[in-house]
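> Sharing a structure with you now.
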Amino acid sequence: MRKCFAAAILGLMVASTIAAAQDDQSASKNEVAVTVAHIFVSDQGVPSTGDTIHFGKGFSFEGDYARRLHDFRWSAVFVEVPVVFNPDEDLNYATDQIPLQYSAIYVTPALRFNLLQNLPFSPWFSFGGGVAHYVASKNLVFYGTNPGPRVDNNGTIEGGFGVDVRIPKFNQFRFRGELRDFWSGEPPLNVNTGKTRQHNYYMGGGVIFNF
């Protein structure tokens with residue numbers, strides 16, 4: 001897994017170098033996008049107790065910088081760095097063992113392929129990898145101090161798709177709707193769910209600025 005992440009990051013560094021060396025002024029090369037969403041995490045059972053951890057729907061924010069690498073006739077290739085911040089993912093469990101909540105940051109450099117780039121609607125898909133940073137609450141779900149480890153960093157794979165919609169009379173701006181899955185290691189939960197990884201689905205929308 002570590003070799004895969006290293007190869008992905010190396011590939012993105014090479015792509016960025018190529019992009020910086022290009023001198024095509026026919027179109028905007030850079031994008032900054034800001035979106036707002038909820039993160040959805042599936043509930044997880046704890047085999048030793050038969051109880052289930054229930055996850056909230058964390059209100060989250062994404063900032064995404066992208067640079068155009070190459071244009072084709074009907075598509076364009078970008079290198080992007082989406083950064084997602086989930087400040088408060090609430091947890092619920094039958095016994096007072098798990099943290100009250102946790103926060104998460106996902107940073108996953110990726111390649112993005114936009115189709116029909118010059119039309120009003122441009123669908124796209126993205127794939128990359130990076131890291132997740134989790135910080136669990138100092139408090140347990142009911143009462144008392146969290147006795148377990150609170151911070152965890154682990155490798156994350158990102159996959160997503162969406163659509164960018166041009167805003168009439170404002171060529172530098174577009175609307176974006178997107179769904180991304182950050183497949184990460186589990187946050188510090190203090191119990192054994194029998195899993196080592198979880199899907200974190202980011203679904204929302206926002207605005208893109210091209211320059």
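> According to the Kirkwood expression over distinct Cα-Cα pairs, how big is the hydrodynamic radius of segment 61-176, in Å?
Evaluated on segment 61-176, it is 16.6 Å.
> Between His199 and Lys169, what's the calculated FRET efficiency when r is the beta-carbon distance and R0 is 41 Å? Round to 0.05.
Efficiency, from the Cβ-Cβ distance: 0.55.
> Stretch Val83-Leu116 to full length: gain in nm at 0.36 nm per residue minus the Cα-Cα span?
9.4 nm
> Modelling each spin label as a point 7 Å along the Cα-to-Cβ direction, I'd like the Asp43/Val207 distance in nm, to one decimal.
3.9 nm
> What number do you get for the chain when its Cα radius of gyration is normalised by 2.2 N^0.38 Å, N = residues?
Normalised Rg, Cα atoms only: 1.15.
> Exposure proxy check: Tyr65, Tyr93, Tyr143, Tyr102 ranked by fewest other beta carbons within 10 Å?
Least to most surrounded, the residues fall as Tyr143, Tyr65, Tyr93, Tyr102.
> If you rank His133, His54 by fewest surrounding Cβ atoms within 10 Å, what's the result?
His54, His133
> So, one more: To make sure I understand, if each residue's beta carbon is the centre and we count other beta carbons within 10 Å, what order do Ile157, Ile39, Ile167, Ile98 fall in, fewest to most?
Fewest-to-most ranking of Ile157, Ile39, Ile167, Ile98: Ile167, Ile157, Ile39, Ile98.
> Relative to the longest principal Cα axis of the chain, at what angle does helix 2-21 sit, 0 to 90 degrees, rounded to 10?
Tilt relative to the chain: about 30 degrees.
> All other residues with a Cβ under 15 Å from the Cβ of Ser126 taken together, and with Lys, Arg as +1 and Asp, Glu as -1, what is their net charge?
With Lys, Arg at +1 and Asp, Glu at -1, the net is -3.
> What's the tally of Lys pairs in the chain whose alpha-carbon atoms lie under 30 angstrom apart, where the two lysines are 8 or more places apart or on different chains?
5
> Here is a further query. Provide the net charge surrounding Val141, with neighbours chosen by a C-beta distance below 15 Å and charges set as Lys +1, Arg +1, Asp -1, Glu -1.
Around Val141, the surrounding residues sum to -4.
> How far apart, in nm, are two points set 7 Å out from the Cα along the Cα-to-Cβ line at Val151 and at Asp96?
If labels sit at Val151 and Asp96, their model points lie 2.7 nm apart.
> Then there is this: Jot down the radius of gyration and Dmax of segment 110-211, Cα atoms only, both in angstrom.
For segment 110-211, the Cα-based Rg and Dmax read 18.6, 57 Å.
> Just to be sure I understand the model, the point goes 7 Å from the Cα along the line to the Cβ. What's the resulting Phe127 to Asp71 distance in nm?
So the two model labels end up 2.6 nm from each other.
Bear in mind that the values in this text are calculations on the coordinates, not laboratory data. For clarity, every value in this text was computed on a predicted model and none was experimentally measured. Backbone-built Cβ (ideal geometry, glycine too); neighbour counts: all protein chains shown.
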